[in-house]
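To start, the structure itself, in structure tokens.
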2 protein chains.
Amino acid sequence: MLRLSKLTDYAVVVLVRLSGMEGMQTSPGIAAATGIPEPTVAKVLKTLAAGDLVSSQRGARGGYRLNRELSAIPIADVIAAVDGPIALTACVDGSTSECESRGLCPMRGRWDPVNDAIHSALSRITLADMQAAPLPALRMPSPVMAAARVVLQSAAE
Amino acid sequence: MLRLSKLTDYAVVVLVRLSGMEGMQTSPGIAAATGIPEPTVAKVLKTLAAGDLVSSQRGARGGYRLNRELSAIPIADVIAAVDGPIALTACVDGSTSECESRGLCPMRGRWDPVNDAIHSALSRITLADMQAAPLPALRMPSPVMAAARVVLQSAAE
DNA sequence: GGTTATCCGGACTGGGGTAGTCCTGATTGA
DNA sequence: TCAATCAGGACTACCCCAGTCCGGATAACC
């Protein structure tokens, strides 16, 4: 199974939460709203700020806010900010360390097309594509929406 | 960084090696040819046999052989055989365990489009695409091939 | 039928990486 | 000046993977 760090999952949750509210939001506030432990939220936000996805404001009444809309944030950017460059193996992510069986390995560099394919796939999906009506305080204006929610529910379980 | 288990990388090397030789091959033989430790090769081969990518033959003069040609093996199959189902997060891989912040998490099931995109990207790339002329005993029939090798070399480093 | 070569399945362990916490300092507004 | 908040780093505990090892089963050869 391809594994994504849990922090990336948290990052998506946090970013969606940020987009849902006006103005600045503090990490304790986001933690309370999402159920993610506060120190972890702070860690994620700091990482996202370093990746230029959010801006921070220090001091009293400070907090974080989104730099771009969700639809302008491909999931690849989030993964890159939290987990580093997108690559499947250590062999091909630009590391300079030598592979132990370098002289015999017939696969050197061959993962590149795979990495490219994944990167382009992830670049085409934005957070807006992943976003849906927030589950808490859900409004159901129509039976269609209710049906949609059932589908989403079962897909998630 | 998306991480692929090292075993998957080994699996690709082993499968390419299997395709390069006629008849049965033993795990010690493959280990010697690839530089991968013998117990690890055996482990990979057992996993691949369970995934129906290779067939095994017990007893003296036994060994392993490919079930299909490289061009008929998408990399997605290899990953699925070695690492399990292709999914980015534990949330969406069919596990029955509950997410700790289930009621608040707005992302339940939202990774599905991402997983689908990655899966389809990986299904389009076969081992034949990743294979190239084996580096040991390399033949260079034309300057074009020599130039190609330089490109592959630099891409791998 | 015995011997040899090989695969099979599981258990075990050490190391690396991640998640999560904590602390100290810097910045800003009241 | 004080309180609220972010910044940056260090630290620890835990989990998972990589790699090894062992006893057993199977098949070919002599």
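Do we have any residue at all in the range B:72-89 that's in a strand (DSSP E or B), more than 9 Å from DNA strand C (Cβ to nearest atom) and modelled with pLDDT of 90 or more? Steps first, answer last, please.
First, pick out the residues of the range B:72-89 that are in a strand (DSSP E or B): B:74.
From the residues that got through so far, the ones that are more than 9 Å from DNA strand C (Cβ to nearest atom) too are B:74.
Of the ones still in play, those that are also modelled with pLDDT of 90 or more are B:74.
Among the residues of the range B:72-89, at least one is in a strand (DSSP E or B), more than 9 Å from DNA strand C (Cβ to nearest atom) and modelled with pLDDT of 90 or more, which makes the answer yes.
Of all the residues in the range B:1-37, those that are β-branched (Val, Ile, Thr), within 30 Å of A:VAL78 (Cβ to Cβ) and open to solvent by 20 Å² or more (accessible area, probe 1.4 Å) number 0. Could we say that B:VAL16 is farther than 30 Å from A:VAL82 by Cα and within 12 Å of DNA strand D (Cβ to nearest atom) here? It is false that B:VAL16 is farther than 30 Å from A:VAL82 by Cα and within 12 Å of DNA strand D (Cβ to nearest atom).
Scanning the range A:10-53 for residues being out of contact with any Asp or Glu (no Cβ under 9 Å at 6 or more places or on another chain) and either of a type in the set (Ser, Thr, Tyr) or not assigned by TED's automatic domain parsing to the domain that holds A:ALA80 (or both) gives a total of 5.
Selection within the range A:44-67: residues that are farther than 20 Å from A:ASP83 by Cβ and loosely packed, with under 14 Cβ neighbours inside 10 Å. The member of this set that is nearest to the chain's Cα centre (by Cα) is A:SER55. Is it the case that the range A:51-63 has a residue that's hydrophobic (A, V, I, L, M, F, W, C), within 14 Å of DNA strand D (Cβ to nearest atom), at pLDDT 90 or above and not in a loop (DSSP other than H, G, I, E, B)? The answer is yes, given that some residue of the range A:51-63 is hydrophobic (A, V, I, L, M, F, W, C), within 14 Å of DNA strand D (Cβ to nearest atom), at pLDDT 90 or above and not in a loop (DSSP other than H, G, I, E, B).
On inspection, B:ASP93 does not qualify as open to solvent by less than 60 Å² (accessible area, probe 1.4 Å), more than 15 Å from DNA strand C (Cβ to nearest atom), charged (D, E, K, R) and at pLDDT 90 or above. For the range B:24-39, a residue qualifies if it is touching a Pro at 6+ places or on another chain (Cβ under 8 Å) and of a type in the set (Gly, Ala, Ser), and exactly one does: B:ALA31. Is it the case that the range A:30-52 has a residue that's within 12 Å of another protein chain (Cβ to nearest Cβ), in contact with a helix residue (DSSP H, G or I) (Cβ under 7 Å, 6 or more places away or on another chain), within 12 Å of DNA strand C (Cβ to nearest atom) and of a type in the set (Gly, Ala, Ser)? Checking the range A:30-52: at least one residue is within 12 Å of another protein chain (Cβ to nearest Cβ), in contact with a helix residue (DSSP H, G or I) (Cβ under 7 Å, 6 or more places away or on another chain), within 12 Å of DNA strand C (Cβ to nearest atom) and of a type in the set (Gly, Ala, Ser).
Return the residue satisfying two criteria in turn: it lies in the range A:16-29 and is more than 10 Å from chain B (Cβ to nearest Cβ), in contact (Cβ under 8 Å) with a residue 40 or more places away in the chain and part of a helix (DSSP H, G or I), and of such residues it is nearest to A:GLN57 (Cα to Cα). Filtering first and then ranking leaves A:LEU18. Scanning the range A:1-15 for residues that are at the interface with chain B (Cβ under 7 Å from one of its Cβ atoms) and touching a strand residue (DSSP E or B) at 6+ places or on another chain (Cβ under 8 Å) yields A:LEU2, A:ARG3.
The values are calculated or read from the model by the stated rules, or taken from the named source; none is laboratory data. Please read all numbers here as calculations on a predicted model, not as lab measurements. A quick note on method: Cβ atoms are made from the backbone with ideal geometry, for glycine too, and the neighbour counts reach across all protein chains shown. The area values use the complete protein model at the heavy-atom level, side chains included, leaving out ligands, DNA and RNA. Shrake-Rupley method; radii C 1.70, N 1.55, O 1.52, S 1.80 Å.
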